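The values are calculated or read from the model by the stated rules, or taken from the named source; none is laboratory data. Predicted model only: the values in this text are computed from it and were never measured. Using ideal geometry, Cβ is built from the backbone for each residue, glycine included, and neighbour counts are taken over all protein chains shown. Note: accessible area is taken over every heavy atom of the protein model, side chains too, but ligands, DNA and RNA are not part of it. Shrake-Rupley method; radii C 1.70, N 1.55, O 1.52, S 1.80 Å.
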Amino acid sequence: MDYSKLIDIAAYTIPSLVTGGVAYYFFEGFIKNEKSRRRFLLHKDAQKNALPLRLHAYERMALFLERINLSKLLVRIAPVTSESKDYEALLIQHIEQEFEHNLTQQVYVTNECWNVILTAKNTIIQTIRKNAVSAENADKMREQILNEMVEKQSPTVLALSFIKNEITEIIG
């Protein structure tokens, strides 16, 4: 009789344990799926809110690159004196002011894009310094730089094309 009670208990217990195990397995999968879905929705919402900020940062950096483009910079900023060193300092000061004004945009652009922008800025400053050393006066310096820009592509053009490619990747 003891065996029959054990069999009766096992007959009720084993199906209950199997049902409980199956329910646990399904609920665990459901909970994991819900967590993933919530995480995805939060990420999607964050992306939706961050996209305008990122696009605005890319626009600002494109404007920065346009403003420091040497051919436009030299037309916009005339020399105050005839000294090439004074003009060099004036041009570099304008570039640095523009850069400092847009410094916070690095938060929203990729590291690679930021490095391309920094390289373009530094190349332009290097070009100004190189031409200031060899120029007799500010007007000759402007002429030398403009001639150099005719011969080779401006670093800002390369950086702008990089920014455009990144925007295309972001938008899709």
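So, with +1 on the Cβ of K and R and -1 on the Cβ of D and E, and no other charges, what is the size of the charge dipole of the stretch 1-57 about its Cα centre, to the nearest 20 debye?
On the way: 9 positive and 5 negative charges, 142 e Å.
I would put it at about 680 debye.
Just name one of 157, 17, 91: the one whose Cα is farthest towards the positive end of the charge dipole of the chain (beta-carbon charges, Lys/Arg +1, Asp/Glu -1).
17
Enter the accessible area of residue 39 (Å², nearest 10), with the probe set to 1.4 Å and all protein chains included.
150 Å²
When Lys and Arg each count +1 and Asp and Glu each count -1, what net charge do the other residues less than 12 Å away from residue 103, Cβ to Cβ, add up to? All intermediate terms of the calculation are to be shown ahead of the outcome.
Details: positive: 60, 121; negative: 96, 98, 100.
Neighbour charge sum, excluding residue 103 itself: -1.
Run the helix sum for the chain: -39,500 (n - 2.57) per DSSP H stretch of 4+ residues, divided by residue count, reported at 222 nm to the nearest 500 deg cm²/dmol.
So the calculated ellipticity at 222 nm is -30000 deg cm²/dmol.
Taking Cα atoms of the chain, Rg/Rh with Kirkwood Rh, to two decimals?
1.55
If I take every Cα pair under 8 Å that is 6 or more residues apart in the chain, average their sequence separation and divide by the length, what percent do I get for the relative contact order? Present the calculation step by step, with values, prior to reporting the outcome.
Values: 109 pairs, mean separation 47.1, N = 172.
This gives 27 percent for the chain.
For the stretch 1-78, what are the per-bin percents of Cα-Cα distances with bins 5 Å wide, up to the bin holding the maximum?
3, 11, 8, 8, 7, 7, 6, 6, 6, 5, 5, 4, 4, 4, 3, 3, 2, 2, 2, 1, 1, 0, 0
With a 1.4 Å probe and all protein chains kept in place, how do 121, 140 rank by accessible area, largest first?
140, 121
Got the relative contact order for the stretch 104-172 handy, in percent, Cα pairs under 8 Å and 6 or more residues apart?
41 percent
Pick out, in residue order, every one of the GluC sites (Glu not before Pro) in the stretch 80-172 that is DSSP loop and has at most 14 other C-beta atoms within 10 Å; say none if there are none. Could you put the intermediate results ahead of the total?
Values: sites: 83, 88, 96, 98, 100, 112, 136, 143, 148, 151, 166, 169; in loops: 83, 136.
Those that pass, being in a loop and sparsely packed, are 136.
For the stretch 45-115, just the Cα atoms, rotate onto the principal axes and tell me the three extents in Å, largest first.
Projected onto its principal axes, the Cα set of the stretch 45-115 covers 56, 17, 17 Å.
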